[in-house]
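As structure tokens, the structure follows; a few thoughts come after it.
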Amino acid sequence: MRFLPTPEQRDFARSLDALLTASDTPSAIRSWAAGDHGPGRALWARLAGAGVLALAAPEAQDGAGRLPVELALAYRELGRHAVPGPLVETAAATALLSHLADTGAPDPAKRLLPALLAGESVVTLAVPEGGGYALDPDAADAVLVVTGEAAGTELRLAPAHGPLHTSLDPARRLAVPAPGGELLAAGPAVAEAAGCAVRWARLATSAQSVGLAEELLRRTVAYVKQRTQFGVEIGSFQAVKHRLADTLLAVEFARPLVYGAALTLAPGDLAAAKTAAGEAAYTAARTALQLHGAVGYTEELPLSLWLRKARPLRDTWGTPAQCRAELLTACS
């Protein structure tokens, strides 16, 4: 079994890094938080052109062929650059629609997937395991909602959404979808497809969290090398070195768990990866804030755009407590 990305996979990640570096994501994040989705939608289209939105769909549906490792690499880059929007929910919706098509319900996939994969349509998804909230429904062209259990599970196209609630990250808005709406599919197949969607969502969120943690650590290391106190760099202080080392260990521990989960997509592996990656991102955010001082949380520094994403990513698609409980169940 190979545990390192192939040269082609590394080239893919580097190409995404170059694309996102040239896209001025801080400006897109600020615009998205202010309700202007234009720059974010333009970036969305470029990501679709790079193949990012097709990584959870099979080739039979014009996707890239269900490539979880490539998806993990891509979403790590999205996390490093703090790209706004319901990207995780898009991967989850793609997995859900593709799974439904595989099990004999192709109509929703035929209707929604082409525009989604081409980046022409933004889709968000609300499922019970994700808390029942839809992320950024005001920016989405379609809000998919899964309700019920087992044979009574339904997939609907929400007609509207309730009041928007801001999270710690101003570029994330949550709302409860309005009840009713067009019924797209129902029955046990929808329950299975929703479980598939949760697995892909957890993988994408875990990879995003690792990328976020890496970028926070990189920015913090750069800062402590140039910030001086008592005539010396604060990075030379033993307490600062220890804090950075603890953060690095958390990131290095989480990254292979994410890649391992991408190889298996097993619920236990995903729960472990989600827990470790979420905690690594939260640890990196706390370290960054402490070592930058209060200035790290101000709007003047782009660092705040990364800082505020850590806790929402840690808690979405399964809190640490939920994932630990599932991991214990899987191991018992």
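Could you say which residue among Thr124, Thr147, Thr166, Thr94 is polar (S, T, N, Q) and surrounded by fewer than 17 Cβ atoms within 10 Å (Cβ to Cβ)? Can you show your working first?
Values: Thr124 fails: surrounded by fewer than 17 Cβ atoms within 10 Å (Cβ to Cβ); Thr147 fails: surrounded by fewer than 17 Cβ atoms within 10 Å (Cβ to Cβ); Thr94 fails: surrounded by fewer than 17 Cβ atoms within 10 Å (Cβ to Cβ).
Just a single option satisfies the conditions, and that option is Thr166.
How do the helices (runs of 4 or more DSSP H) wholly within region 268-332 filter down when requiring 2 or more residues that are more than 19 Å from the chain's Cα centre (by Cα) and of a type outside the set (Gly, Ala, Ser): which remain?
Working: elements: 303-307, 310-315, 320-331.
The helices (runs of 4 or more DSSP H) meeting that bar are 320-331.
For region 17-26, check the following and say yes or no: at least one residue is under 20 Å from Ala109 (Cα atoms) and of a type in the set (Asp, Glu). Give the derivation first.
Going through region 17-26, the residues under 20 Å from Ala109 (Cα atoms) turn out to be none.
No, region 17-26 has no match at all.
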(request) Report yes if some residue within region 132-150 is β-branched (Val, Ile, Thr), closer than 25 Å to Ala45 by Cβ and out of contact with any Cys (no Cβ under 7 Å at 6 or more places or on another chain); otherwise report no. (result) yes
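Suppose we keep only residues that are of a type in the set (Asp, Glu) and touching a residue at least 40 places away in the same chain (Cβ under 8 Å) within region 42-72. Which one would you say is surrounded by the fewest Cβ atoms within 10 Å (Cβ to Cβ)?
The initial filter retains those residues of region 42-72 that are of a type in the set (Asp, Glu), namely 59, 62, 70.
With the extra rule that they be touching a residue at least 40 places away in the same chain (Cβ under 8 Å), the set shrinks to 62, 70.
Numbers: Asp62: 12, Glu70: 23.
Top of the filtered list is Asp62.
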(message) Quick check on my filter: what residues within region 32-41 are touching a helix residue (DSSP H, G or I) at 6+ places or on another chain (Cβ under 7 Å) and in contact (Cβ under 8 Å) with a residue 24 or more places away in the chain?
(response) Trp32, His37, Gly40
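In contact with a Leu (Cβ under 8 Å, 6 or more places away or on another chain), closer than 18 Å to Trp317 by Cβ, surrounded by fewer than 21 Cβ atoms within 10 Å (Cβ to Cβ) and not polar (S, T, N, Q): does that describe Gly268? Steps first, please.
Details: in contact with a Leu (Cβ under 8 Å, 6 or more places away or on another chain): yes; closer than 18 Å to Trp317 by Cβ: yes; surrounded by fewer than 21 Cβ atoms within 10 Å (Cβ to Cβ): yes; not polar (S, T, N, Q): yes.
Considered against the rule, which asks whether it is in contact with a Leu (Cβ under 8 Å, 6 or more places away or on another chain), closer than 18 Å to Trp317 by Cβ, surrounded by fewer than 21 Cβ atoms within 10 Å (Cβ to Cβ) and not polar (S, T, N, Q), Gly268 comes out as yes.
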(request) Determine the pairs where a residue that is within 15 Å of Ala57 (Cα to Cα), located within region 187-215, has a partner that is of a type in the set (Phe, Trp, Tyr) and crowded, with 21+ Cβ neighbours inside 10 Å with Cβ atoms under 6 Å apart, the partner being 6 or more residues away or on another chain. (result) Ala201/Trp317; Ala204/Tyr75
(request) Scan region 120-142 for residues that are more than 17 Å from the chain's Cα centre (by Cα), touching a residue at least 24 places away in the same chain (Cβ under 8 Å) and not in a helix (DSSP H, G or I) and report the count. (result) 3
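What helices (runs of 4 or more DSSP H) completely inside region 1-110 contain at least 2 residues that are at pLDDT 90 or above and under 28 Å from Ala194 (Cβ atoms)? Talk me through it step by step, then tell me what you get.
On the way: elements: 7-21, 25-33, 38-49, 68-80, 87-102.
Per the criteria, 38-49, 68-80, 87-102.
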(message) Which residue is surrounded by the most Cβ atoms within 10 Å (Cβ to Cβ), if the candidates are limited to region 150-159 and must be of a type in the set (A, V, I, L, M, F, W, C) and assigned to a strand (DSSP E or B)?
(response) Leu155
(message) I want to confirm something. Restricting to region 174-232 and keeping residues that are modelled with pLDDT under 95 and of a type in the set (Asp, Glu), which single residue is farthest from Ala276 (Cα to Cα)?
(response) Glu182
(request) Note down all Cβ pairs under 7 Å where the first residue falls in region 300-321 and is free of Cβ contacts under 8 Å to residues at least 60 places away in the same chain and over 22 Å from Val224 (Cα atoms), the second is buried (at least 21 other Cβ atoms within 10 Å of the Cβ) and of a type in the set (D, E, K, R), and they're at least six residues apart or on different chains. (result) Pro320/Arg314
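The values are calculated or read from the model by the stated rules, or taken from the named source; none is laboratory data. Please read these numbers as outputs of a predicted model, since none were measured by experiment. Heads up, the Cβs are rebuilt from the backbone with ideal geometry, glycines too, and the neighbour counts pull from every protein chain shown.
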